[in-house]
1. Within the stretch 1-18, work out how many residues are surrounded by 10 or more Cβ atoms within 10 Å (Cβ to Cβ) and either touching a residue at least 40 places away in the same chain (Cβ under 8 Å) or not in a strand (DSSP E or B) (or both).
2. Among the residues of the stretch 4-34, how many are touching a strand residue (DSSP E or B) at 6+ places or on another chain (Cβ under 7 Å) and within 24 Å of residue 166 (Cα to Cα)?
3. Check whether at least one residue in the stretch 99-112 is touching a residue at least 12 places away in the same chain (Cβ under 8 Å), touching a strand residue (DSSP E or B) at 6+ places or on another chain (Cβ under 6 Å) and closer than 15 Å to residue 166 by Cα, and report yes or no.
4. Could you name every one of the strands (runs of 3 or more DSSP E) located completely within the stretch 35-97 that has at least 2 residues being modelled with pLDDT of 75 or more, crowded, with 17+ Cβ neighbours inside 10 Å and in contact with a strand residue (DSSP E or B) (Cβ under 6 Å, 6 or more places away or on another chain)?
5. Just to be sure I understand, how many residues within the stretch 19-34 are loosely packed, with under 12 Cβ neighbours inside 10 Å and in a loop (DSSP other than H, G, I, E, B)?
6. Is it the case, given these coordinates, that residue 128 is modelled with pLDDT of 75 or more, in a strand (DSSP E or B) and in contact with a helix residue (DSSP H, G or I) (Cβ under 9 Å, 6 or more places away or on another chain)?
7. Taking the conditions exactly as written (in contact (Cβ under 8 Å) with a residue 40 or more places away in the chain and either over 30 Å from residue 102 (Cα atoms) or more than 20 Å from the chain's Cα centre (by Cα) (or both)), does residue 35 satisfy them or not?
């Protein structure tokens with residue numbers, strides 16, 4: 001029997017092969033498995049005030065190969081504000097100049113990316129709770145919160161009515 005001049009066995013074998021390959025690829029794709037939400041103890045932050053971090057811990061499953069991953073945090077009543085999260089393990093975007101720390105704007109995007117590997121547990125700070133100092137309240141944790149002008153143009157403030165969405 002032939003289908004458009006091609007033996008049906010060849011068409012069936014090719015179809016099964018493609019379906020099987022796609023099924024294996026789908027089963028091995030990287031996924032994040034939620035583990036828990038946690039809060040870190042109060043510490044003195046870089047800005048001098050007391051702060052605590054609220055973060056999500058997840059485990060990477062599948063065939064993650066160390067490719068850089070970024071986290072997109074969205075928030076607001078209609079989830080209309082967004083920024084890339086700062087990984088807890090990424091370095092602070094500062095350089096040393098004459099013995100003092102200076103914010104280097106070109107280093108901020110480096111805080112957005114972290115290589116993920118299979119079976120590794122990752123902490124991801126989501127919120128920073130400013131308890132004392134010139135700023136108090138809950139903010140989305142991101143590399144841009146070091147800049148005063150960022151707060152004026154795109155505030156990172158979260159209210160109790162906001163919904164937070166996390167995308168890896």
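The values are calculated or read from the model by the stated rules, or taken from the named source; none is laboratory data. Because the structure is a prediction, the values reported are computed rather than measured. Here Cβ is always computed from backbone atoms with ideal geometry, including for glycine, and neighbour counts include all displayed protein chains.
1. Applying the first criterion (surrounded by 10 or more Cβ atoms within 10 Å (Cβ to Cβ)) to the stretch 1-18 yields 2-3, 6-18.
Among the residues that remain, those that are also either touching a residue at least 40 places away in the same chain (Cβ under 8 Å) or not in a strand (DSSP E or B) (or both) are: 8-18.
Within the stretch 1-18, residues that are surrounded by 10 or more Cβ atoms within 10 Å (Cβ to Cβ) and either touching a residue at least 40 places away in the same chain (Cβ under 8 Å) or not in a strand (DSSP E or B) (or both) number 11.
2. Quick first cut of the stretch 4-34, residues touching a strand residue (DSSP E or B) at 6+ places or on another chain (Cβ under 7 Å) only: 8, 11, 30-34.
If we keep only those that are within 24 Å of residue 166 (Cα to Cα) too, we end up with 30-34.
Number of matching residues: 5.
3. Yes; the residues of the stretch 99-112 include at least one that is touching a residue at least 12 places away in the same chain (Cβ under 8 Å), touching a strand residue (DSSP E or B) at 6+ places or on another chain (Cβ under 6 Å) and closer than 15 Å to residue 166 by Cα.
4. On the way: elements: 50-61, 65-70, 72-76, 81-84, 94-97.
Answer list for the stretch 35-97: 50-61, 72-76, 81-84.
5. Looking only at the stretch 19-34, we keep the residues that are loosely packed, with under 12 Cβ neighbours inside 10 Å, and these are 19-27, 29, 33-34.
Going one step further and asking which of them are in a loop (DSSP other than H, G, I, E, B), we end up with 29.
Adding up the residues that qualify gives 1.
6. Values: modelled with pLDDT of 75 or more: yes; in a strand (DSSP E or B): yes; in contact with a helix residue (DSSP H, G or I) (Cβ under 9 Å, 6 or more places away or on another chain): yes.
Yes.
7. On the way: in contact (Cβ under 8 Å) with a residue 40 or more places away in the chain: yes; either over 30 Å from residue 102 (Cα atoms) or more than 20 Å from the chain's Cα centre (by Cα) (or both): yes.
In short, yes.
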